[in-house]
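Notes follow the structure.
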Amino acid sequence: MKRIAVKIGSNVLARRDGTLDITRMSALVDQVTELHRSGVEVVLISSGAVASGRSEIKVGKKLDPVSARQLYSAVGQAKLINRYYELFRDHGIRCGQVLTTKENFSSRTHYLNQKNCMEVMLANKVIPIVNENDTISVTELMFTDNDELSGLIATMMGMDALIILSNVDGIYDGDPNDPQSVVIKEIAADHVDLNEYIQSDKSSFGRGGMLTKSRIARKVAKEGIMVIIANGKTDNILPQLLSKKSQIACTRFLPSEKPVSSVKKWIAHSEGFAKGEVHINKCAVDVLTGPKATSLLLVGVTEIVGDFEKGDIVRIINDKGVQIGVGCADYASKEAIGLLGQRDLKPLVHYDYLYLD
């Protein structure tokens with residue numbers, strides 16, 4: 001593997017009291033340094049800003065959740081990136097900070113600008129350290145958690161693998177606290193739903209949990225990228241995961257062998273930016289989900305919901321009211337409504353800009 005994304009969760013970097021675990025952080029930097037010097041390009045997606053800030057500042061009066069998050073992240077992010085800078089500097093390696101928001105991924109132009117920034121950093125041997133800009137993100141514009149952000153970064157940068165470091169060894173075939181449960185070693189890209197195995201509890205300091213990790217992992221693997229969920233507190237975990245001889249406990253989501261274009265990868269993760277819905281009949285569903293690649297034509301559309309412009313992301317809804325994909329509309333909603341059911345027109349969503357779930 002020549003290029004990987006490593007997501008470090010809050011529960012890996014934070015102690016029980018919420019303070020930064022500098023020893024663990026230093027160990028992970030040592031491991032990234034080893035990979036960097038061996039020729040592997042690494043992008044870090046690091047949580048820990050809010051937890052770091054919470055341990056640094058004591059609020060005199062009660063704050064609402066959004067204000068508290070903004071305050072803690074403003075203080076904590078400075079502390080977090082400064083620590084990374086010092087640790088990498090001790091190895092003679094430069095790192096750089098990339099703060100982003102969910103809205104930055106909604107526009108193809110902004111998406112490509114972020115990609116170009118990190119490509120330039122990697123080309124100049126600078127390790128990008130990415131985190132959500134919690135100081136300006138509010139509830140409706142926030143990522144589910146940094147697992148979602150890491151999936152976007154992995155697909156955007158064309159990674160060979162995404163490694164999600166948590167405080168557990170992977171996905172178990174039962175309750176992780178049950179001694180009889182074991183870690184599932186490999187999961188195919190087209191594997192059935194894993195919800196029956198996964199606990200819905202969220203992590204102590206982060207916003208996500210294993211359900212989010214598995215959902216993101218399956219989507220990224222479907223786009224052709226290996227995803228590994230492993231325990232970030234295991235000694236020398238990163239080099240072990242990349243070793244062909246390693247027997248380390250982890251869960252690997254095997255990548256799909258079907259190639260996916262960079263545009264489709266962007267669209268696949270754009271569901272949260274959808275401006276409207278396109279409802280289609282059963283015939284259109286059968287054609288879209290059949291063996292032959294095809295575009296979504298207006299003749300199969302039964303209803304347009306929402307107000308969107310040409311180029312906006314829309315959800316594709318089947319005849320039973322279930323979402324089957326997302327796509328980039330080639331008509332504005334007002335124009336499309338006037339053309340519903342008509343034949344021999346350009347597609348509402350061209351196949352190159354259509355992603356089916």
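Summary table below
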read-out: Cα-based helix-to-principal-axis angle, 210-222 vs the chain, degrees rounded to 10; value: 60 degrees
read-out: Accessible surface of the chain, 1.4 Å probe, proportion on carbon and sulfur as whole %; value: 49 percent
read-out: Signed unit charges on C-beta, dipole axis of region 1-78, positive-most listed residue 77, 14, 60; value: 60
read-out: Other-chain or far-sequence residues with amide H under 5 Å of residue 325's (modelled H); value: 316, 357
read-out: Those lysines that a straight Cα-Cα span of less than 30 Å connects to residue 62, excepting residues fewer than 8 apart in one chain; value: 79, 102, 202
read-out: 222 nm mean residue ellipticity, helices alone, for the chain (DSSP H n ≥ 4; -39,500 (n - 2.57); rounded to 500); value: -10000 deg cm²/dmol
read-out: Pairs of Lys in region 238-357 closer than 15 Å at Cα, counting only those 8 or more apart or on different chains; value: 6
read-out: Accessible area per residue in Å² at 1.4 Å probe, computed on the chain; value: 48 Å²
read-out: Assigned charges on the beta-carbon of Lys, Arg, Asp, Glu; region 213-346 dipole about Cα centre (debye); value: 760 debye
read-out: Cut-off 11 Å between beta-carbons: net charge of the residues surrounding residue 268, Lys and Arg +1, Asp and Glu -1; value: +1
read-out: Region 11-145, dipole about Cα centre (Lys/Arg Cβ +1, Asp/Glu Cβ -1), debye to the nearest 20; value: 260 debye
read-out: Probe 1.4 Å - accessible area at residue 54, Å² to nearest ten; value: 100 Å²
read-out: Using alpha-carbon coordinates, inclination of helix 22-37 to the longest axis of the chain, degrees; value: 70 degrees
read-out: Protection proxy ranking of 56-63, 340-347, 236-243, 104-111 - average other beta-carbon atoms within 10 Å, highest first; value: 236-243, 104-111, 340-347, 56-63
read-out: Relative contact order (%) - criterion: Cα under 8 Å, at least six apart; region: the chain; value: 15 percent
read-out: DSSP beta bridges in the chain [antiparallel fraction, %, rounded to 5]; value: 40 percent
read-out: Rel. contact order, % - alpha carbon contacts under 8 angstrom, at least six apart, region 1-153; value: 27 percent
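The values are calculated or read from the model by the stated rules, or taken from the named source; none is laboratory data. These numbers come from a predicted model, not from an experiment. Note: ideal-geometry Cβ built from the backbone for every residue, glycine included; neighbour counts use all protein chains shown. These accessible areas exclude ligands, DNA and RNA; they are computed on the full protein's heavy atoms, side chains included. Shrake-Rupley method; radii C 1.70, N 1.55, O 1.52, S 1.80 Å.
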